[in-house]
Each structure stands twice: as structure tokens, then as C-alpha cells.
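Working notes for the structure below.
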2 protein chains.
Amino acid sequence: MQPFTFHNPTRILFGPGLCDQAGAEIRPFSDRVLLVTGTGSAKRTGAYDRVRRSLEAAGVRVRDLEGVVSNPRLSKVREGIEATRAEALTAVVALGGGSVMDTAKAVAAGAVLDEGDVWDCFTRTREIAGALPVFTVPTLAASGSEMNGFMVITNEETGHKLAAGSEHLYPRLSILDPVLTCSVPPDYTAYGGADAVCHLLEPYFNGSDPDTPLQDRLAEALIQTLLEATEAAVARPGDVAARSTLMWGATLALNGLTRAGIGEHFFAVHMIEHALSALFDVPHGAGLAALLPGWMSWRAAESADKVAQLGRRLWNLSGGTRREEARQTIAALRDWLRRVGCPTSLSELGISAGDHGRIAENAALQAGIWGVDALYTPEVVAAVLAQCQEAA
Amino acid sequence: MQPFTFHNPTRILFGPGLCDQAGAEIRPFSDRVLLVTGTGSAKRTGAYDRVRRSLEAAGVRVRDLEGVVSNPRLSKVREGIEATRAEALTAVVALGGGSVMDTAKAVAAGAVLDEGDVWDCFTRTREIAGALPVFTVPTLAASGSEMNGFMVITNEETGHKLAAGSEHLYPRLSILDPVLTCSVPPDYTAYGGADAVCHLLEPYFNGSDPDTPLQDRLAEALIQTLLEATEAAVARPGDVAARSTLMWGATLALNGLTRAGIGEHFFAVHMIEHALSALFDVPHGAGLAALLPGWMSWRAAESADKVAQLGRRLWNLSGGTRREEARQTIAALRDWLRRVGCPTSLSELGISAGDHGRIAENAALQAGIWGVDALYTPEVVAAVLAQCQEAA
């Protein structure tokens, strides 16, 4: 195990119906909030009315920021920052999925900047020195943004999708009401599950320390549960028990728990997917699903033992050699992705081998910002993409 | 899954040698601290000198409270409260095991009481409305006190050992330096491991909701890892990797992670053990080990399925019937306890069947305070004790 700091101050309220407590919970922190939402689903399901009513009943004035799209855009963040400053709002509330939560965080960080542009925080030319308090009411189990300090924003002018993180961006409070996720259609439910599983698989394979038995078992426990819960929620969208397991599991998948102690690690699949969805606007979870089996095949060349460990522990696989067990493990993961309705190759997303160069160049820019460009050169990314092009 | 609130604000610094950073980390919070220690091991190992030197180098004035014993006593807590008030100390630092950390928390809570006695907080006649900031540098992997809001103190005048908890008692910061635990002898290493495993097993079997697949798998992951790490640390006391796994695993075992969402639950084995060690002054972990197999046998009458689930997942047991699998599971746990050198029955602690009545009466008082006296009557506790008297 490697040295680490763990500090996750986010308070979680979990339970069916708890979104109605948003007002009472947020009022002690702020009486003028920006309420960030997506393109309409929260209004259709009634979640928006409930949260807004709860806020107003508690004496919180609400200014809306509507229309956040998947692969959320910098222009919307700037719009939110302007409104927040103009109306002297003192907190940001996100009601939606990862895109909405990330937009809320970017607004919260940008609103307190003395000078410069919020995008500088993503290109790492400016430090995130503070933020307005952020509150989230997620409507999708996927990103884990509700209990971490990360955000991912797309700059539509430059075509770059970049991640940034700060201790100031942990939500003060997140209300996890699993019933709100029951209206998520099967495809996005599956993409969310794939996203959460990917958050666990990447550190599992990419940690610099090979001796992390505790972190391995915690990740395996979460992955196994998420595989089962995603499948159940896709089959029975209104199954609150499955939705609850999926929601809390997705939160724990990226709240720091399984990453503490594994040493240096990097989210390479996420980086490549960010390039993919910046250029092709595919749903984030679908992009990850299309990359995962190919990336694991590429990874297995070096880490067949670890891939095989996953297969033995999750699917009781035993194939004689480690390499054969690794192959079976990747096949089992691909089978799961197919069962829940995810793509498992780039060709299923309409991306051809001729696009790999562009994707690799875009990813290289991110690798430079994160300081891993020596490891993830355009050639390496292209080699990964080649494994992902067609389903094995 | 049941509704829950999760909020664990403790910051963890984990790594070999980090105890030397105590001063730099604590100084921003306080320049006059009470440093609570045990009966001498921290002085013998040099940990005391390092932490004290670090504090003083950072400009923190140190007042000692030495001599905390296992099953820590109220009189020592009162001594600490007096010193803290007399010298206007502004924080409490614990360097030691669970007894030292619990004493530090009780001093921190008692020092800010406007009126009344700190023992009232344990009998639940007074609320814990605040506390001085608490910092811990654990020297034993066991109690989890370094990342939770609980404390257990023995009132030697009344012979009662009671637990109390509050959000105010979460340490601000805990420095987990696994090298400090390398000098713990094999017996106490094993007792610590048994304590941590018991913190996981009790909620695993006692949660009110039978449908908690995520919490089950997380608990199983931690239990399995702790069993292995304890055995390794007992066999090779200087194995820093095993000590690291054991230390972080024991912290996660009682930091709220596996309990969130399981519904109402109660630490019955801990309650009975507190009665045991209040009356017989046995080491807490040894008392738990002596009770665990018998309690699981008693529990298996109602919950054979859950006991069998544990055995199938941890030891790949399959015995035909659930009842037979449960029997094998308990035998496997007993084997582990014996391998690491723990007692597995009351008779091994020198306690006879004639003592059960007294233990049951003492436990009944605690059950009353926790409001579970309808469930844990003296008769029920005596029935559990009967199963624990001799090793099967």
C-alpha cells in the first residue's frame, strides 16, 4: 500500500422521497441559489417542481440555469457564472446527472475567480482556490460527481473535453433519492452502470503498487454488485431496490475509497473517451463501454495476472493459463455490456479506423495537461483504439 | 437498502513515518494540546518522543495525560478534563490504541460541558453538544476510533462500561503510520484483528434489512482481507505491508461505510463483551474472540442463510444444507481465531458458567440505555453466553 490522504467531507442523505428535503437542508447555507438542470427530464418527471417547491418553501430564492446537455459545455458554465455574479447568488444546486453536477461545480469555481477565465482551471494554468458551496440532487447513477471534487467540461470552441478537480468542489451535501432514477431509460441506465464500473476498473489495473489486497477486494465487491444491479435496473426500471444499490454503488465507485493507497494511477480510458465524445458527441458511458473490452485486452498484455484475478473472483473463471483466464474475463465483461445494451466496440458507435488519428491527437493534448504524455503518446492511444475498433 | 445519512469528515493521512508530521498538521488548529498516552509502550518504542518533538517543533505546547489502561477509566477522563480546563488547552491529541483514543474523546467532550458530569453523556442523560478538536495517532489496528465518533469508557465505581457517540467526536485528523504498529506483540495484534472483524460481522448479521447486497459484499471484502492481514502480521510482526492492510482495513471496518443502508442494527457482541471486560478486565479483543463463535452459533438458528453466505463467499464452503454450511462457516472462523492465537470460548478466559448471571445483568443495564432491553433481556444474553462457554 502507498501513502495517501483521504478526506471526503460530503454529507450524504440517502432515501426514497428525500429530494423534498432539499430546501430545509440547503437553507442554513444559502438563501439565493442557482438551480442547474438539464434539457427537460427533471421537469417531465416532476423532480424539478418538487425540489424548487422545497427550496422556496424554506425561503430560498431560486435562479434557474436550464439546458445543460451531455458533454456539458463551457458556454453554459459562463452563462451560469454571469447570472451568479449578477444576482449575487451564494450557492449552486445541481438537479440532474453528471453533466449537470459538473456544470454546477464549474460555475461555483468560476463565480469566485478574481480574474481570468474558468477554462484556465481546466487547462491547469490557474488554481481552483475556492468555490461557492455546491449541493447536488442526482437523477442518474453514474458519474460519482455527487461525492467527489471532480468536474469535466467541454470547450466547444476548441473541441477539448477536460477534467479538473479540487477539494473545494466536494458538494457540501448530496441528496440521493433513488426513486428519481427510476425514470432513466434502459440505455442510459446501462451507460451509467458502465461509467461506474469503469471508475473502478481503471484504478484497479492502473495503480502503481501491485500489492493492494484491500483496495482490490473493495473494488471487486463494488464491481460485482454494480454488474448485478445494473442488469436488474435495466430489466426492471421501477425496481427501487436495484436502483438504490446502483445509486449508492456508483457514488462509492469514485469517492476516493478504492483509490486511496494504490499509488500513482491515471484514468486512461476516461481520457480517451473524453477525446471521443468531444469529437463525436457520443454519450460518455456508451463511449466508455465501447472502449473497455479493447482497453482491457491491450492492458492484459502486461497485466494478465490482474485481469485473471478479476475473472476468478467475479465469475469463478479458471482457464488453465493466466492469459486464457484473462481472455475469458474480458469476454465475460463484454457479455455483460451486451446484455445490458451497451456498445462494445467503436464500430458500433459509427467510428471507423480512419478516425483514430484525430482521437489520439485530442487525447494527447489531455495527456500533456495531466503530465502523462510520455506514457500516453498518440501512438499508444492509437494502439488502444485499434483493439477497440471491432468486437472480438 | 434503508434510508441513511453518511457523513465522515475525518481527514486521514496514511503512510510510514507520517507521525513526524503531527505538529505541522495540528498547529493550525491549536497551540496548546493535551497529549493522551497509555502505560508506556509509546515511550518504549520512541513514538512518544517523535510526536512530542514534532508538536513542540511546530510551536504546540504539550500537557501530558499518561497511564490510560485497557478498558479505560472514567477517573482518568476526569483527570484529563481538569487539566484541560485548568491550563486552557484547546485540543486533545491521542497517541495510542482504542483506549487512549476513547479517553481523548471523552476528555474533549467533557471539557466543554457547561454543567454536569461527563458520565451523563454515557448514560444518555446529557447530550454531547460539542467537543474540543480531537486528533489521533493510533498505535494499534483495532478499534476504528480514529475515524468515527464513538468512545467507550468504564466507570470503575459502578462497574459499568458504556459506549457513546456524537458527530462532534470525529477526529479532525488521524495520522495512520503503520510502522508504529509493528511493535505490537502477536497476541494484541490478533485481538485487534478480531475486534475489527467483529465490527464488520455484527452489522452484517444484525441489520434490519435482509436486502443489502452492496453492504454485504463490502463487509465480506474487508473481513476476508482482515483475516489474511492479521494472520500475516501475527506471523511476521515487522511486515509493513501486512500492518498497512490491517491498519487501514480496521479503520474502514467501523467508519460507517458498511453500516450505511442496513437499517436498524445493534452491536450485541460488543455489548456483552463490555459487560465481560467491565467485570473481568479481559482485553476487549480477546473477550470478543471468545464470544464470536458462540454468538454466531446462536445467531445461525435464525440466520443460517446469512452465515452460510459468508462461508460460501469467504471460504468457498458448500455443505449441502444451509445449516451445515453455517456450521462449517463458524468452524472456519474458529479455526482462524485459533491460528492467530485468540481464545474462542469463555472457559479459555477463566470464566465459568456460574458467572453468566452477573455478566447478563451488567449487559442488561447497557441494553436499557440503548433501548434494546426488550430484545436483549438477561435471559437472551445468558442463552448466548451458554453457547460461548466451551469451544464446540
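The values are calculated or read from the model by the stated rules, or taken from the named source; none is laboratory data. What you see is a predicted model, and the numbers here were worked out from it, not measured in a lab. Reconstructed Cβ throughout: ideal geometry from the backbone, glycine too, with neighbour counts over all protein chains shown. For the accessible areas, the whole protein counts, side chains as well, though only heavy atoms, and no ligand, DNA or RNA atoms are used. Shrake-Rupley method; radii C 1.70, N 1.55, O 1.52, S 1.80 Å.
Quick check on A:Arg85: is it part of a helix (DSSP H, G or I) and more than 14 Å from chain B (Cβ to nearest Cβ)? Against the criterion (part of a helix (DSSP H, G or I) and more than 14 Å from chain B (Cβ to nearest Cβ)), A:Arg85 qualifies.
Yes/no per residue for (1) open to solvent by 10 Å² or more (accessible area, probe 1.4 Å); (2) away from every other protein chain (no Cβ under 14 Å); (3) within 22 Å of B:Leu349 (Cα to Cα):
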| residue | (1), (2), (3) |
| --- | --- |
| B:Leu214 | no, no, no |
| B:Thr230 | no, no, yes |
| B:Ala233 | no, no, no |
| B:Val240 | yes, no, no |
| B:Ala250 | no, no, no |
| B:Ile262 | no, no, no |
| B:Val269 | no, yes, yes |
| B:Val282 | yes, yes, yes |
| B:Gly287 | no, yes, yes |
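Would you say A:Gly311 is out of contact with any Lys or Arg (no Cβ under 7 Å at 6 or more places or on another chain) and farther than 19 Å from A:Phe205 by Cβ? No.
Counting residues in the stretch B:302-310 that are open to solvent by 60 Å² or more (accessible area, probe 1.4 Å), more than 22 Å from the chain's Cα centre (by Cα) and in contact (Cβ under 8 Å) with a residue 60 or more places away in the chain gives zero.
Condition test on B:Phe14, is it closer than 30 Å to A:Glu146 by Cα, within 14 Å of chain A (Cβ to nearest Cβ), surrounded by 22 or more Cβ atoms within 10 Å (Cβ to Cβ) and not basic (Lys, Arg)? Taking the combined requirement at face value, the residue satisfies it. Of everything listed in (1) of a type outside the set (Gly, Ala, Ser); (2) within 18 Å of the chain's Cα centre (by Cα); (3) open to solvent by 10 Å² or more (accessible area, probe 1.4 Å), the single unmet condition for A:Val179 is (2). Each residue in the stretch B:137-167 was checked for being touching a Lys or Arg at 6+ places or on another chain (Cβ under 9 Å) and either open to solvent by less than 40 Å² (accessible area, probe 1.4 Å) or not in a loop (DSSP other than H, G, I, E, B) (or both), and 12 of them qualify.
For residues in the stretch A:216-228 being among the charged types (D, E, K, R) and open to solvent by less than 50 Å² (accessible area, probe 1.4 Å), which is farthest from the other protein chains (Cβ to nearest Cβ)? Working first, answer last.
Filtering the stretch A:216-228 down to residues among the charged types (D, E, K, R) leaves A:216-217, A:220, A:228.
Next, from what is left, pick out any that are open to solvent by less than 50 Å² (accessible area, probe 1.4 Å): A:216-217, A:220.
Working: A:Asp216: 9, A:Arg217: 4, A:Glu220: 7 Å.
Result: A:Asp216.
With the structure loaded, tell me whether A:Gly46 is on the phi > 0 side of the Ramachandran plot and out of contact with any helix residue (DSSP H, G or I) (no Cβ under 8 Å at 6 or more places or on another chain) or whether it fails that test. Even if it seems obvious, please write down each step before you answer.
Values: on the phi > 0 side of the Ramachandran plot: yes; out of contact with any helix residue (DSSP H, G or I) (no Cβ under 8 Å at 6 or more places or on another chain): yes.
Yes; evaluated as a whole, the condition is true for this residue.
Those residues that are within 12 Å of chain B (Cβ to nearest Cβ) and either out of contact with any Phe, Trp or Tyr (no Cβ under 9 Å at 6 or more places or on another chain) or in a helix (DSSP H, G or I) (or both), I need them from the stretch A:168-187; list them, please. Full working, then the answer.
Just the residues of the stretch A:168-187 that are within 12 Å of chain B (Cβ to nearest Cβ), to begin with: A:170-179.
Scanning the stretch A:168-187 gives A:Tyr170, A:Pro178, A:Val179.
Quickly run through the stretch A:379-392 and pick out the residues that are at pLDDT 95 or above and open to solvent by 30 Å² or more (accessible area, probe 1.4 Å).
Restricting attention to the stretch A:379-392, the residues satisfying the condition of being at pLDDT 95 or above are A:379-390.
A:Glu379, A:Val380, A:Ala382, A:Ala383, A:Ala386, A:Gln387, A:Glu390, listed by residue number.
For the stretch A:366-381, the candidate set comprises residues that are assigned to a helix (DSSP H, G or I) and under 23 Å from the mean Cα position of the chain (by Cα); within that set, the residue that is nearest to A:Arg124 (Cα to Cα) is A:Ile369.
Is there a residue in the stretch B:312-319 that is outside any helix (DSSP H, G or I), over 17 Å from B:Leu227 (Cα atoms) and without any contact (Cβ under 8 Å) to a residue 24 or more places away in the chain? First the steps, then the outcome.
Filtering the stretch B:312-319 for residues outside any helix (DSSP H, G or I) gives B:316-319.
Filter once more, keeping what is over 17 Å from B:Leu227 (Cα atoms): B:318-319.
After this cut, where a residue has to be without any contact (Cβ under 8 Å) to a residue 24 or more places away in the chain as well, the list is B:318-319.
The answer is yes; a qualifying residue exists.
Of the residues that sit in the stretch A:320-336 and are open to solvent by less than 60 Å² (accessible area, probe 1.4 Å) and without any contact (Cβ under 8 Å) to a residue 24 or more places away in the chain, which one is nearest to the chain's Cα centre (by Cα)? For the stretch A:320-336, the residue satisfying everything is A:Ala332.
Of all residues in the stretch B:188-196, one or more are surrounded by 22 or more Cβ atoms within 10 Å (Cβ to Cβ), within 14 Å of chain A (Cβ to nearest Cβ) and of a type in the set (A, V, I, L, M, F, W, C). Scanning the stretch A:42-98 for residues that are open to solvent by 60 Å² or more (accessible area, probe 1.4 Å) and aliphatic (A, V, I, L, M), we see that the one that is nearest to A:Asp117 (Cα to Cα) is A:Ala86. Report yes if A:Arg339 is part of a helix (DSSP H, G or I) and surrounded by fewer than 18 Cβ atoms within 10 Å (Cβ to Cβ), otherwise no. For A:Arg339, the condition - part of a helix (DSSP H, G or I) and surrounded by fewer than 18 Cβ atoms within 10 Å (Cβ to Cβ) - is met.
Could you check the stretch A:6-43 and list, in sequence order, the residues that are at negative phi and without any contact (Cβ under 8 Å) to a residue 60 or more places away in the chain? If the condition is that a residue be at negative phi and without any contact (Cβ under 8 Å) to a residue 60 or more places away in the chain, then A:Asp20, A:Gly23, A:Ala24, A:Arg27, A:Pro28, A:Asp31, A:Arg32, A:Thr39, A:Lys43 are the ones that fit. Selection of the stretch B:17-40 for residues being crowded, with 19+ Cβ neighbours inside 10 Å and either aromatic (Phe, Trp, Tyr) or away from chain A (no Cβ under 14 Å) (or both) yields B:Ala22, B:Gly23, B:Ile26, B:Ser30, B:Val33, B:Leu34, B:Leu35, B:Val36, B:Thr37, B:Gly38. Criterion first (out of contact with any strand residue (DSSP E or B) (no Cβ under 9 Å at 6 or more places or on another chain) and among the aromatic types (Phe, Trp, Tyr)) does B:Trp248 satisfy it? Criteria not met by B:Trp248.
May I ask you to verify whether A:Glu79 is among the acidic types (Asp, Glu) and part of a loop (DSSP other than H, G, I, E, B)? Break it down into steps so the answer makes sense when it comes.
Details: among the acidic types (Asp, Glu): yes; part of a loop (DSSP other than H, G, I, E, B): no.
No: the conditions fail for A:Glu79.
Taken over the stretch B:329-355, the criterion of being within 18 Å of B:Cys198 (Cα to Cα) and of a type outside the set (A, V, I, L, M) is satisfied by B:Thr329, B:Arg334, B:Asp335, B:Trp336, B:Arg338, B:Arg339, B:Gly341, B:Cys342, B:Pro343, B:Thr344, B:Ser345.
If we scan the stretch B:292-299, do we find a residue that is within 21 Å of B:Ser70 (Cα to Cα) and either open to solvent by 10 Å² or more (accessible area, probe 1.4 Å) or modelled with pLDDT of 95 or more (or both)? Yes, the stretch B:292-299 has at least one match.
Would you confirm whether any residue within the stretch B:105-123 is in contact with an Asp or Glu (Cβ under 7 Å, 6 or more places away or on another chain) and either over 21 Å from B:Val60 (Cβ atoms) or modelled with pLDDT under 95 (or both)?
At the first step, the residues of the stretch B:105-123 found to be in contact with an Asp or Glu (Cβ under 7 Å, 6 or more places away or on another chain) are none.
No, the conditions are met nowhere in the stretch B:105-123.
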